[in-house]
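Down below is the structure, laid out as structure tokens.
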Amino acid sequence: MNWDLNILLLLPIALAMPVYLMDKKKSGLGKWLTTIVISFTTAYSIFLWFTNFVGADRLANSERGFLLHFRVNWIDSIGISYALGVDGLSMPLVVLTQIVFLVSVISSFYIDNDEGVYYALLLVLLSGVMGTFVALDLFLFYIAWELVLIPMFFMIRLWGGPNRKYASIKFFIYTHLASLVMLIGLFVIYLNGGQTFYLPDLKAGLANVSVQTLSLIFWLVFIGFVTKFPQVPVHTWLPDAHVQAPSPGSAILAGLLLKMGGYGLMRIVFWMFSETGFFETDTGKNVRVIMALIGVISMVYPALIALQQDDLKRMIAYSSISHMGIVLLGLAANNPLGFNAAMYMMIAHGVISPGLFLLSGVIEHNTKSHTRDISKVGGLAHKMPFTGGLFVFLAFASAGLPGLAGFVAEYSAFIALFDSDLFGIGKEWVIIPIIAVLSIIITAAYYLWAIERVIFNDATDELEDTTPAKWYEIGPVLILGFFTLLLGLFPAIVWWVLDEWSQGLF
């Protein structure tokens with residue numbers, strides 16, 4: 001058995017209570033201990049990437065395609081096991097999780113109240129997100145999925161903005177109720193897949209299930225995943241949560257919690273259904289058309305709303321919803337290029353959007369009245385040129401500028417959809433990718449308008465006492481900016497791992 005994934009999964013949550021107690025004994029100790037722990041797990045995850053996902057024979061000793069596999073019986077009478085594993089789909093998200101948490105814990109150094117509680121919650125949250133991506137047992141997956149809600153709820157409620165109570169409750173209600181619907185779908189999978197919770201066995205067990213049952217499973221779990229994503233019309237919790245959450249919480253929310261929904265769709269639906277042929281049936285094609293329609297609506301509608309926003313964080317939040325629509329388009333294409341594009345968009349957005357949220361926090365912390373209002377913080381380049389330059393860089397990346405991470409995902413998703421079999425149903429559906437491409441113009445518009453107002457206008461009174469950003473404010477953004485450029489110029493670093501996984505589904 002391989003214990004590597006247990007270290008990444010269990011070490012943070014095991015140290016949460018010691019971190020809390022040590023910080024109670026000596027204030028300020030918690031943040032350094034948490035930084036050391038997450039720095040170690042980040043370095044370890046990168047080490048595991050290079051030692052297990054590089055090399056032609058890396059799958060020779062895998063367990064059904066999963067490397068670093070670990071499994072022991074847990075509740076054997078009903079088929080529950082403690083099973084962990086990573087493959088080409090989950091390992092990139094494992095590394096992304098560690099990087100986003102590392103930059104988030106460093107950027108949290110400004111927090112000066114209840115530090116022990118904050119950093120303990122951060123470690124619990126890390127284990128919850130990790131568990132979602134590495135669990136190979138449906139029961140364990142659901143425990144990790146629900147565990148994430150608790151620390152994020154308290155991070156918003158205790159360290160958020162003026163309306164934090166409303167935002168935290170709305171976040172919890174939306175995501176928890178959707179998770180309960182998803183749970184019903186998971187039990188339907190269990191009952192029809194051989195009464196086991198072990199994912200590889202369930203995948204084989206679903207091979208002969210009827211189309212009607214598969215369709216029922218899809219819609220039940222789709223509600224849970226698309227709400228976490230989120231997409232129109234179940235998206236309204238996200239802007240409130242982002243606006244009220246502390247900036248590091250927004251970075252984790254955008255960089256990882258949204259990706260849990262996309263990962264769930266790819267793992268629990270498309271991967272597990274890959275041997276059923278469901279998405280090639282007439283019912284499956286209709287399902288994919290609906291997915292594509294939801295995706296394109298979720299690209300255009302939030303983008304138009306983003307144009308009207310004065311709060312910088314709220315604008316970026318609507319941008320996140322719009323970008324996640326591209327993931328649905330890639331999945332609706334149901335071909336290897338579409339799956340690669342969907343996954344690459346999650347990774348690209350996972351480094352770009354956290355950087356923008358952290359920069360919005362830098363702006364908020366360095367204005368007189370601690371505001372993020374675009375109309376009040378004009379002229380940032382005059383006072384904080386380096387911060388302003390990073391904002392322009394990441395805004396262009398989010399808008400899909402060639403050479404940066406966002407462009408690779410967007411271009412691939414559109415090509416995959418044009419090349420899919422959906423248009424065999426009816427040529428009128430070609431309007432979906434056309435509208436999706438046009439939505440990129442709206443995205444460029446709201447980012448360019450924000451850049452003009454925030455960066456290049458005359459300096460306002462809000463910035464008259466501003467000093468250069470501190471190292472713990474700007475350093476994390478530089479790390480994310482580096483990965484944004486790296487993934488844009490050298491997408492093969494991740495792409496070939498994704499392609500190997502997606503090709504295995506066809």
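Side notes on the structure shown:
- Candidates Val103, Val19, Val37, Val94 - the one that is modelled with pLDDT of 90 or more and closer than 24 Å to Val497 by Cα: Val94
- Scanning segment 14-58 for residues that are buried (at least 19 other Cβ atoms within 10 Å of the Cβ) and β-branched (Val, Ile, Thr) returns Val19, Thr34, Val37, Ile38, Thr41, Thr42.
- Among the residues listed as Tyr198, Tyr190, the single one being touching a strand residue (DSSP E or B) at 6+ places or on another chain (Cβ under 8 Å) and either closer than 21 Å to Leu214 by Cβ or without any contact (Cβ under 8 Å) to a residue 24 or more places away in the chain (or both): Tyr198
- Number of the condition not met by Asp114 [criteria: (1) over 30 Å from Phe187 (Cβ atoms); (2) modelled with pLDDT of 90 or more]: (2)
- The condition of being of a type in the set (Val, Ile, Thr), more than 22 Å from Leu125 (Cα to Cα), in contact (Cβ under 8 Å) with a residue 60 or more places away in the chain and in contact with a helix residue (DSSP H, G or I) (Cβ under 9 Å, 6 or more places away or on another chain) holds for only one of Val211, Val221, that being Val211.
- Total residues in segment 196-247, condition over 30 Å from Val300 (Cβ atoms), assigned to a helix (DSSP H, G or I) and aromatic (Phe, Trp, Tyr): 0
- Among residues that are out of contact with any strand residue (DSSP E or B) (no Cβ under 8 Å at 6 or more places or on another chain), within 19 Å of Val221 (Cβ to Cβ) and buried (at least 20 other Cβ atoms within 10 Å of the Cβ), Ser298 is included.
- Filtered residue count, segment 272-284, keeping only those that are surrounded by fewer than 21 Cβ atoms within 10 Å (Cβ to Cβ) and either assigned to a helix (DSSP H, G or I) or in contact with a Cys (Cβ under 8 Å, 6 or more places away or on another chain) (or both): 4
- From the list Thr213, Thr236, the one residue that fits, being surrounded by fewer than 24 Cβ atoms within 10 Å (Cβ to Cβ), closer than 21 Å to Leu356 by Cβ, of a type in the set (S, T, N, Q) and at pLDDT 90 or above, is Thr236.
- Number of the condition not met by Leu220 [criteria: (1) out of contact with any strand residue (DSSP E or B) (no Cβ under 8 Å at 6 or more places or on another chain); (2) surrounded by 24 or more Cβ atoms within 10 Å (Cβ to Cβ); (3) at pLDDT 90 or above]: (2)
- Scanning segment 449-469 for residues that are out of contact with any helix residue (DSSP H, G or I) (no Cβ under 8 Å at 6 or more places or on another chain) and either small (Gly, Ala, Ser) or surrounded by 14 or more Cβ atoms within 10 Å (Cβ to Cβ) (or both) returns Arg453, Asn457, Thr460, Glu462.
- Boolean, Gly378 is out of contact with any His (no Cβ under 8 Å at 6 or more places or on another chain) and on the phi > 0 side of the Ramachandran plot: no
The values are calculated or read from the model by the stated rules, or taken from the named source; none is laboratory data. Values in this document were obtained by computation on a predicted structure and should not be read as measured data. As a convention, Cβ positions derive from the backbone with ideal geometry for all residues, glycine included, and neighbour counts pool all protein chains shown.
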